[in-house]
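The values are calculated or read from the model by the stated rules, or taken from the named source; none is laboratory data. If you're wondering where the values come from, they're calculated on a predicted model, not measured in any experiment. Neighbour counts are summed over all protein chains in view; Cβ atoms, including those assigned to glycine, are modelled from backbone coordinates with ideal geometry.
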Amino acid sequence: MNEEKQNVFSQHDEIEEETTEPIQTVEESPQEEIQPEDEFLSLKKQAEEFKDKYLRAHAEMDNMKKRMDRERKDIIKYGTEKLLRDLLLVYDAIEKSISMALELHPDDEDFIHGLRMTEKLFLETLKRNNVEPIETENMPFDPNYHEAMMQVSKPDIVQGMVVDEIEKGFMVHDRVLRPAKVTVSG
């Protein structure tokens, strides 16, 4: 039995010897330690990038607000353009009625006077809505305000001057609503 105990002890010692060997660890490659100065500089650079992005976004937002405000004002200022353009057709009809009445019924002064009063009322209504006629009389031709329909040669008129107005043009605020159709000296 002594022998058996010894065998058991010797087996136990062998097992113990196997397990008591030092465990080998995989050696890690030496990493560079981040220095506090490097970390600070990195964070500072990142903060500067964030600040730059913030400032750009803020500036873009300001520009967008200004653009939207300008567009809103333009909509309010020029929103009636289409309606006003359509109303100019009514003005043209009144103006043609006056010229036809003068041609066909020159003796009917009351009728012609009534048409002129209607024309005056209509022009005053347009003026209250910031619509003004474009001046053409004794004016040099300007393609921004005038549309040349014909060119005529007249020796007594300087070249490039408006000779006659075919259709009245109008401005709304500072924008051309309809250019004046004119005859130009050539």
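Per-structure values
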quantity: Residue identified as in a helix (DSSP H, G or I), at pLDDT 80 or above and exposed (fewer than 10 other Cβ atoms within 10 Å of the Cβ) among Glu48, Glu3, Glu37, Glu17; calculated: Glu37
quantity: Filtered residue count, segment 138-159, keeping only those that are acidic (Asp, Glu) and touching a strand residue (DSSP E or B) at 6+ places or on another chain (Cβ under 7 Å); calculated: 1
quantity: Segment 142-159, residues that are part of a loop (DSSP other than H, G, I, E, B) and either in contact (Cβ under 8 Å) with a residue 40 or more places away in the chain or acidic (Asp, Glu) (or both); calculated: Asp142, Asp156
quantity: Among the residues listed as Val176, Val162, Val184, the single one being of a type in the set (Val, Ile, Thr), under 30 Å from Ile75 (Cα atoms) and either touching a strand residue (DSSP E or B) at 6+ places or on another chain (Cβ under 6 Å) or assigned to a strand (DSSP E or B) (or both); calculated: Val176
quantity: Number of positions in segment 118-141 that are surrounded by 11 or more Cβ atoms within 10 Å (Cβ to Cβ) and touching a residue at least 24 places away in the same chain (Cβ under 8 Å); calculated: 13
quantity: Given (1) at pLDDT 95 or above; (2) of a type outside the set (A, V, I, L, M); (3) at positive phi, number of the condition Asn130 does not satisfy; calculated: (1)
